[in-house]
Amino acid sequence: MAPADDDLRLSTSSTAAPRSKQVARVARHPELHTLIQEVVLTDDRREVAGMLAAKYGNLLTANEILQSPTLLIGTVEQIARQLRANRERYGFTHYTIPQPHVAAFAPVITVLGDLN
């Protein structure tokens, strides 16, 4: 799914929610979650994005893959910046990292803590 599709889906879901007092309070600062599909530590984001595009049958371009909030590709610092940008753009505050990617993601947690 392209990032523009993610923007539309998140916008639609937030405007379609019922507006009880409790929901209205939470809606001001919702905690959103997403499932990460890939974590790839690399110095060459574009090359890996091209390989993932081929892996996924070219349903997404390399640029779309690099902008996807569910695909984390790059150095530890680049991924940390991407997560910060995802929080600003989409409002994600929680992520699920699949077990095969936990070791690759671990150093990102340290960098995120240093950015606070």
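The values are calculated or read from the model by the stated rules, or taken from the named source; none is laboratory data. Here the structure is a predicted model, which is why all the values come from computation and not from measurement. Please note: Cβ atoms are built from the backbone with ideal geometry, for glycine as well, and neighbour counts cover all protein chains shown.
Among the residues of region 1-58, the ones that are modelled with pLDDT under 60 and touching a Ser or Thr at 6+ places or on another chain (Cβ under 9 Å) come to 2 in all.
State whether one or more residues within region 55-76 are assigned to a helix (DSSP H, G or I), under 17 Å from Val102 (Cα atoms) and without any contact (Cβ under 8 Å) to a residue 60 or more places away in the chain. Yes.
Across region 49-101, what is the total count of residues that are at positive phi and surrounded by 17 or more Cβ atoms within 10 Å (Cβ to Cβ)? Matching residues across region 49-101 total 1.
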